[in-house]
Each structure stands twice: as C-alpha cells, then as structure tokens.
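Enquirer: Before I ask anything, here is the structure I am working with.
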Amino acid sequence: MSGDREHELVLFGATSFVGELTADYLARHAPAGTRIALAGRSRERLEKVRDRLPAPGSDWPLVVADTADTAALARMAASTDALVTTVGPYAKYGLPVVEACAAAGTHYADLTGEVQFAREAIDRYDDAARASGARIVHSCGYDSIPSDLAVLLLHSRVQADGEGELTDVTAIVRVRGGVSGGTIDSMKGLADGAKADRSLFKLMRDPFGLSPERDAEPDTRQPSDNPAPHRVDGRWVAPFVMASYNTRIVRRSNAIAGYAYGKGLRYGEVMGAGSGPVGAVTAGAITAGLGGLLAGLSTPGVRQVLDRVLPKPGEGPSEKTRENGWFRHDIEATTTTGARYTARVSGSGDPGYAATAVMLGESGLCLALDGERLPARTGSLTPATAMGPALVERLRTAGHVYDVARA
C-alpha cells in the first residue's frame, strides 16, 4: 500500500444500522491518529452520525459516494488504504465497490453472507485485485469470521503437534440476539434469485460453491447443511441458518491455502438446542421454523404477510437486545492420526450487530494497519487467508475468545 493516501480506512455505509455501530466502535478503539473517514450517499445523514460519535470520531472527514456513481466510487477507493462496507444487500449494491477497490489496489472488507454475490465478485475481480495488490475479503462479520478463524487455529495446532491433517470438524453454535432487517432482505434476494435462476439454486446447493477451482476439489462427502434433529454427545442439535454459507468460506480457505487443512476435511455447522426432552422439542422447533421461513419467503401470498411482520432493511434489535446478546461456537475436530481437538469461539453482544461491529472494525484496522503481519496473498480472499493470526490477535484483545485444546 502506498502509505501516502488521504485516509487509512474508509467506512462506507456509515449511516446504516450496523454501519453506525461500527463507526462508534472505531471511534472508541482505533489507535490514536488513525486516519478514518465516514462515507455514504447523504452528507446530511453522515453529519448526524458523526455528531453522535465520541472523539476523535466527531472530527472525522466525510466522503459522499453512491454505488451508482462509478466516478465517486473510484475517487473514494483511491483515497484510502482500506475500505469496509456495510452497503447491502451486496448482490444489489456490492459489485461496483469491489470493482473500484480492486482497480485502485485498495484492501476491502464486507459483511456479505450472499453466496451469489461472493461468487460473482470472485469471478469478476480476483485477477484485477491480484494485479493491483488489493486484498478483497468477504464475510468479515459474524458471517463468517468465527467459523473461518476457528478452523484455521485448529489446523495450526494440529500441524504444531504433528498430528496430520483435519478430517471431521463440527461446530455447534449457540447464540442470543435479535433479527436483522438487512439479513432478512438478503434472504429474500436469495430466494428470489434462486427462483428466477436455476443456476443460482445449483450454486447454493454446491458445498464447494465458493472454491477457487471447482474441478480441483476432492470428492470428499460433506455434512448436510440441513440435517434432521439429532444428538451430538448427548445434546440435541438442529440446522444452523448460516451453515450453507459459512461452510463454503471455510472450504474456500482450505483451497486457497493449498488444501493445508487436508483434502479429506469434512466441515459442518449445527445449532445447539440443549439436552433431554426440552432439547428435542427445541431442535424440532428450530428445524420447522427455519424451513417455514425459507418456504414462506419463496411463496407468493405468504411472502406478503411476512413482509408486514419481519424487520425492514435498516432496522435492527434494541440496544438492550444488542447488549444482552452473545455467541458461542464449540468445535470438535479429529485428525488423520486419530487425535481429537476442541476449539471455542465466543463473544458478548448481539452476534449480528454488536459483535459484528467489533469484527468488521478490527478487520478494517487489520487490513489498513497490519500489512507486514498479514499473509503474502492478494486477490479475492477469506478472513483466514487474508488476515489469519493478526486478526485473531486483534479479536482476542477486543475481548472475543479463540481457544484450542487437545481433547
């Protein structure tokens, strides 16, 4: 990176719900003197966000840019070392931002959990980003940092112990938090896209749908993204709503790293539901509710009813819900030598908002400030392959837990 650009980090979409939370986090935790700017479509709204920030955020410069204005995006990207964006749904608004950053050699991070957007961005802009030296890093929030970094840490520990490669890895997820209007809007977009384009439906079902070279992937059978309720170590589990995306990011990381985790890696995620009869009922309710929501979003009439009751884009949980939220991933892993490991990733705050603001904020700072500590890769990457241990260290310092132990 040039080191002589006007800004070190630009937060694009600072007036969105999670954008303002990220701005507040950066104002409180970015190193003193970090050159940060707030960006969005409306100067008036940006000024209102800035006025609510603690110092030094209350003095940050503002950048007005719209995803429909390619010249403004190009100027914004060229003005900064790194850019993080909350402007979604990314399938609608994200590609021009990726294009601008890839062309300018500007590191980029987003919050997408939209497989079709990530696939298109990879296919269109990976070569340009490699040529310019940009790191394009998708999914730098709760989707999919905990998943991606946990498996990276497991791999590192297994390698250090000389226990071969990872084989079966399962994350059992427990969360408390609110529902995101932006996430619902993205789910609607996926449902509409899959209905209109069968190739998208096929992509969503492909366990290696985000891999760099699909034909190079092994024939290793992967766990189902939508398993029936069952017990793991005596506790009931159910499908996890983001498994179909997070697992693709982890498999992409493995492929980018030259299958360092192992070509026999089988990675899956499930939602923990508790033990005993209550756990069984909870697992059944989660399964039915998730299936009903996905079916409803694809069904005319039902969709209109859901539109009236589900959160709208820009809406999010209350401050109390955000503060009382938390997430915890307990990961169990085995290796080719038969060794067993466990990992735990956890953090306080609503995972989709308070915790995501921490993850996105630290990802932006990592890309902007930690260049010499990052893996020597450019192009379209993942959190693990772009930032790896440097980001783990930052998140631990921010209060998140990333632990690995031998079972």
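No lab work stands behind these numbers, since they all come straight from the coordinates. Since we're looking at a predicted model, the values are computed, not measured. Here the Cβ positions follow ideal geometry from the backbone for every residue, glycine too, while neighbour counts run over all protein chains shown.
Enquirer: Which of GLU99, GLU44, GLU362 comes first, and how do the rest follow, when ranked by fewest Cβ neighbours within 10 Å?
Expert: GLU44, GLU99, GLU362
Enquirer: Choose one answer from SER156, SER199, SER16: the residue with the largest mean-square fluctuation in a GNM of the chain with alpha-carbon springs under 10 Å.
Expert: Evaluated over the chain, the most mobile residue of the options is SER199.
Enquirer: Treating cross-link reach as a plain straight distance, find the aspartates and glutamates whose alpha-carbon is under 14 Å from the alpha-carbon of LYS312, omitting any fewer than eight places away in the same chain.
Expert: Answer for LYS312, where 14 Å is the Cα cut-off: ASP185, listed by chain and number.
Enquirer: I would also like to ask the following. Return one quarter of the surface area of the convex hull spanned by the alpha-carbon atoms of the stretch 145-348, equal to its mean projected area, in nm².
Expert: Mean projected area for the stretch 145-348: 12.7 nm², to one decimal.
Enquirer: While we're on this one: Within the stretch 187-252, report the trypsin sites (Lys or Arg not before Pro) that DSSP leaves as loop and that have at most 13 other Cβ atoms within 10 Å.
Expert: The qualifying sites are ARG221.
Enquirer: Separate question: If R₀ is 51 angstrom, what is the calculated FRET efficiency for the pair ARG45 and VAL278, using the beta carbon separation as r and rounding to 0.05?
Expert: Using R0 = 51 Å, I get an efficiency of 0.65.
Enquirer: Let me ask you something else. For the residues LEU265, LEU95, LEU111, what sequence is obtained by ranking on other C-beta atoms within 10 Å, fewest first?
Expert: Sorted ascending by nearby Cβ count, the order is LEU95, LEU265, LEU111.
Enquirer: Between helix 115-132 and the chain, what is the angle of the helix's C-alpha long axis to the longest principal axis, kept within 0 to 90° and rounded to the nearest 10?
Expert: Value to nearest ten degrees: 50.
Enquirer: Hey, what do the phi angles of the stretch 286-297 turn into as Karplus ³J(HN,Hα) couplings, whole Hz, using 6.51/-1.76/1.60 and θ = phi - 60°, x for Gly and Pro?
Expert: Listing the rounded values in order: 4, 4, 5, x, 5, x, x, 5, 5, 5, x, 5 Hz.
Enquirer: Between ALA295 and ALA407, how many nm apart are label points set 7 Å from Cα along the C-beta direction?
Expert: About 3.4 nm separates the two model spin labels.
Enquirer: Then there is this: Using the number of other C-beta atoms within 10 angstrom as an exposure proxy, rank ASP66, ASP225 with the fewest first.
Expert: So the ranking, lowest neighbour count to highest, is ASP66, ASP225.
Enquirer: Quick check: pseudo-label points 7 Å beyond the Cα along Cα→Cβ at ARG344 and LYS263, how many nm apart are they?
Expert: Distance between the two pseudo-spin positions: 3.7 nm.
Enquirer: Treating cross-link reach as a plain straight distance, find the lysines whose alpha-carbon is under 23 Å from the alpha-carbon of LYS202, omitting any fewer than eight places away in the same chain.
Expert: Partners within reach: LYS92, LYS188, LYS263.
Enquirer: Can you give me the relative contact order of the chain as a percent, contacts being Cα pairs under 8 Å and 6 or more apart?
Expert: 21 percent
Enquirer: What trypsin sites (Lys or Arg not before Pro) in the stretch 48-131 are in a loop by DSSP, with at most 13 other Cβ atoms within 10 Å of the Cβ?
Expert: Hits after loop and neighbour filter: ARG52.
Enquirer: A follow-up question, please. Write down the Kirkwood hydrodynamic radius of the chain, to one decimal in angstroms, obtained as one divided by the mean of 1/r over all alpha carbon pairs.
Expert: For the chain, the Kirkwood estimate is 21.4 Å.
Enquirer: Charges at C-beta only: +1 for Lys and Arg, -1 for Asp and Glu. How large is the resulting dipole of the chain about its Cα centre, in Debye rounded to 20?
Expert: Dipole about the Cα centre, nearest 20: 780 debye.
Enquirer: Additional query: Multiplying the sequence separation of ARG35 and ALA398 by 0.36 nm and subtracting their Cα-Cα distance, what value in nm do you get?
Expert: Fully extending the segment from ARG35 to ALA398 adds 128.7 nm.
Enquirer: If the chain between GLN222 and ASP69 were fully stretched, how many nm would it gain, using 0.36 nm times the residue separation less the Cα-Cα distance?
Expert: 50.9 nm
Enquirer: Could you give the nm distance between label points at VAL232 and GLU372, where each point is 7 Å from its Cα heading toward the beta carbon?
Expert: 4.1 nm
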